[in-house]
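Below is one structure; the comments refer to it alone.
The values are calculated or read from the model by the stated rules, or taken from the named source; none is laboratory data. This one's a predicted model, so the numbers in the text were calculated from it and none came from an experiment. Positions of Cβ are generated from backbone atoms using ideal geometry, with glycine treated the same way; all protein chains shown enter the neighbour counts. Just so you know, the surface numbers come from the protein's heavy atoms only, side chains and all, with ligands and any DNA or RNA stripped out. Shrake-Rupley method; radii C 1.70, N 1.55, O 1.52, S 1.80 Å.
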Amino acid sequence: MKGCDIKDPSLAEAGETRIEWASREMPVLRLIRKRFERERPLKGVPISGCLHITTETANLAFTLKAGGAELALCASNPLSTQDDVAAALAKAGIPVYAIKGEDEKTYYEHIRAALDHRPQITLDDGADLVATIHKERSELAFQMMGGTEETTTGVIRLRSLEKQGKLLYPLIAVNDAETKHFFDNRYGTGQSTIDGITRATNILWAGKRVVVLGYGWCGRGIALRARGLGAQVIVVEVDPIKALEAVMDGYQVMSSREAARLGDIFITVTGDINALDKDHFGLMKDGAILANSGHFNVEINIPALEAMSKKKRRLRPFVDEYTLEDGRRLYLLGEGRLINLAAAEGHPSAVMDMSFANQALSVEYLVKNGKHLPHKVHSVPREIDREVGRLKLLSMGIQIDALTVEQQSYLQSWELGT
Ligand SMILES: NC(=O)c1ccc[n+]([C@@H]2O[C@H](COP(=O)([O-])OP(=O)(O)OC[C@H]3O[C@@H](n4cnc5c(N)ncnc54)[C@H](O)[C@@H]3O)[C@@H](O)[C@H]2O)c1
């Protein structure tokens, strides 16, 4: 375990059995791993990954290792690490720098430790690794074949670097693959956010007024699952088309100030800063619960909440009670960090199967092609995206039709009409 910084190596065995359990639901990644074992397409390539250290990530790590990669890992969030998984990865010979609950200083020290591995490929979830390379370690960019980015917020940060002409090497936006965000962001975040809030609070959802801020891929999933449990769902949006979609999907849509007065539970998934702010806290009911499932802990203005409160106490793990000057109590879950990973286990393995199949195949693509790609944010190649979808269906035992030759030619023609 040389070179690791983890909580407790003795947790390794517990981690190993949970990783094995997750693998049962990851058939596409298993197939890729088998091929990688035979072909060794990543032989000798140093890779640093800044990812949530979960059972699913461990399965990705073993797949990359089977392909011959020399991998080092650090956490992509201070609260999302599963310490038993970190121990199991370290036992398997993968340098890991991740401890659940690490402070911000340690978090960045761990990122730097993963970069000391001198990667030729980076894997990111939120772009903290890439941002650190650009801010502090730009010399590493010259040897880079490329990198991948897992989430919406990370892709937004990379596009901003690209727009300013500052991107130092090519990056693949795994988030933008259809087999990623259609399923991971929607059904994964949908289910696991509800799971995280339930585990943290043990609340009954039926009859609650749940305010979902942001009706993007994640927001759609959360609204759908909250409604399925009997909650009355209110959606808050800034995009008129998404707001209209929410109306036609049958939700109440209103301004954030209006919703602030009504909600029992507020869930932010905007990728934006201060979606819930001082004004909103001023209007909320006594007992309102606040949770975030967006990537960074900036969506709820916690400094403002702290400043408005005369008392704060921890009632149970992941539940902090803030008492405001007028005596109202607001409950912040998981310190405003993504609640599905802070208080639960993150996405179910079955959706991460597709996200991480895209990751593994994108890494293989970068090893083959990265040196020739322009320094831009690239899409996952369409063939990879479709192949992941095809393999997932196959693993579920579902067959679909193929276009006939006649249909193919009809769909490419313009001559036939009425
Ligand atoms: N918790 C997880 O496991 C997980 C998984 C995937 C993505 N994410 C993160 O969740 C966030 C959302 O991702 P997404 O894929 O749904 O993004 P998205 O772009 O599809 O949706 C975000 C939505 O929020 C809306 N919005 C922006 N600012 C707003 C504001 N101030 N008030 C109300 N609405 C606002 C946008 O108009 C957009 O419709 C990102 O930070 C992403 O990285 C988290």
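Can you run down the residue pairs with Cβ atoms below 8 Å, 6 or more apart or on separate chains, where the first is in the stretch 188-199 and closer than 11 Å to Ser293 by Cβ and the partner is among the β-branched types (Val, Ile, Thr) and near the ligand (Cβ under 6 Å from one of its atoms)?
Thr189/Val269; Thr193/Val269
Among Gly190, Gly207, Gly147, which is the only one that is open to solvent by less than 30 Å² (accessible area, probe 1.4 Å) and out of contact with any Pro (no Cβ under 9 Å at 6 or more places or on another chain)?
It is Gly190.
Restricting to the stretch 234-254, name every residue that is closer than 12 Å to Arg220 by Cα and either polar (S, T, N, Q) or not in a helix (DSSP H, G or I) (or both).
Ile234, Val235, Val236, Glu237, Asp249, Gly250, Tyr251
Check whether at least one residue in the stretch 118-130 is over 28 Å from Thr270 (Cα atoms), in a helix (DSSP H, G or I) and away from the ligand (no atom under 16 Å from the Cβ), and report yes or no.
We begin by selecting, within the stretch 118-130, every residue over 28 Å from Thr270 (Cα atoms); these are 118-121.
Subsequent filtering for residues that are in a helix (DSSP H, G or I) retains none.
No, every residue in the stretch 118-130 fails to be over 28 Å from Thr270 (Cα atoms), in a helix (DSSP H, G or I) and away from the ligand (no atom under 16 Å from the Cβ).
Can you pull out every residue in the stretch 37-71 that is surrounded by 24 or more Cβ atoms within 10 Å (Cβ to Cβ) and among the hydrophobic types (A, V, I, L, M, F, W, C)?
Correct list: Leu42, Ile47, Cys50, Leu51, Ile53, Ala58, Leu60, Ala61, Leu64, Ala69, Leu71.
Among the residues of the stretch 210-229, write down those that are open to solvent by 60 Å² or more (accessible area, probe 1.4 Å) and either away from the ligand (no atom under 15 Å from the Cβ) or charged (D, E, K, R) (or both).
Listed by number, the residues that qualify are Arg225, Arg227, Gly228, Leu229.
Just one of (1) open to solvent by 60 Å² or more (accessible area, probe 1.4 Å); (2) more than 27 Å from Asp264 (Cβ to Cβ); (3) away from the ligand (no atom under 12 Å from the Cβ); (4) not in a loop (DSSP other than H, G, I, E, B) trips up Thr179, so point out which.
Among (1) open to solvent by 60 Å² or more (accessible area, probe 1.4 Å); (2) more than 27 Å from Asp264 (Cβ to Cβ); (3) away from the ligand (no atom under 12 Å from the Cβ); (4) not in a loop (DSSP other than H, G, I, E, B), Thr179 violates only (1).
When you scan the stretch 360-367, do you find a residue that is over 21 Å from Ser48 (Cα atoms) and either open to solvent by 40 Å² or more (accessible area, probe 1.4 Å) or at pLDDT below 95 (or both), even just one?
No, the conditions are met nowhere in the stretch 360-367.
Among the candidates Ile156, Ile111, single out the residue that is more than 16 Å from the ligand (Cβ to nearest atom) and among the β-branched types (Val, Ile, Thr).
Checking each option against the conditions leaves just Ile111.
Quick check: is even one residue across the stretch 285-303 of a type in the set (A, V, I, L, M, F, W, C), within 17 Å of Ala200 (Cα to Cα), in a strand (DSSP E or B) and in contact (Cβ under 8 Å) with a residue 60 or more places away in the chain?
Checking the stretch 285-303: at least one residue is of a type in the set (A, V, I, L, M, F, W, C), within 17 Å of Ala200 (Cα to Cα), in a strand (DSSP E or B) and in contact (Cβ under 8 Å) with a residue 60 or more places away in the chain.
Give me the pairs, please: first residue somewhere in the stretch 256-277 and more than 21 Å from Leu338 (Cβ to Cβ) and open to solvent by 30 Å² or more (accessible area, probe 1.4 Å), second residue anywhere and of a type in the set (Val, Ile, Thr) and within 9 Å of the ligand (Cβ to nearest atom), beta-carbon distance under 7 Å, and either six or more positions apart or on two chains.
none
Please determine whether any residue of the stretch 248-255 is in contact with a helix residue (DSSP H, G or I) (Cβ under 7 Å, 6 or more places away or on another chain) and more than 9 Å from the ligand (Cβ to nearest atom). Before you say what the answer is, go through the steps one by one.
Residues of the stretch 248-255 in contact with a helix residue (DSSP H, G or I) (Cβ under 7 Å, 6 or more places away or on another chain): 251, 253.
In the following step, the residues that additionally are more than 9 Å from the ligand (Cβ to nearest atom) were identified as 251, 253.
Within the stretch 248-255, one or more residues are in contact with a helix residue (DSSP H, G or I) (Cβ under 7 Å, 6 or more places away or on another chain) and more than 9 Å from the ligand (Cβ to nearest atom).
Could you pull out the residue among Asp353, Asp320 that is under 24 Å from the mean Cα position of the chain (by Cα), acidic (Asp, Glu), assigned to a strand (DSSP E or B) and modelled with pLDDT of 95 or more?
Just a single option satisfies the conditions, and that option is Asp320.
Please enumerate the residues belonging to the stretch 230-244 that are within 14 Å of the ligand (Cβ to nearest atom) and either in contact with a helix residue (DSSP H, G or I) (Cβ under 7 Å, 6 or more places away or on another chain) or open to solvent by 30 Å² or more (accessible area, probe 1.4 Å) (or both).
Residues satisfying the conditions are Ile234, Val235, Val236, Glu237, Val238, Asp239, Pro240, Ile241, Lys242, Leu244.
Out of curiosity, is Leu89 within 16 Å of the ligand (Cβ to nearest atom), under 21 Å from the mean Cα position of the chain (by Cα) and assigned to a helix (DSSP H, G or I)?
Working: within 16 Å of the ligand (Cβ to nearest atom): no; under 21 Å from the mean Cα position of the chain (by Cα): yes; assigned to a helix (DSSP H, G or I): yes.
The answer is no for Leu89.
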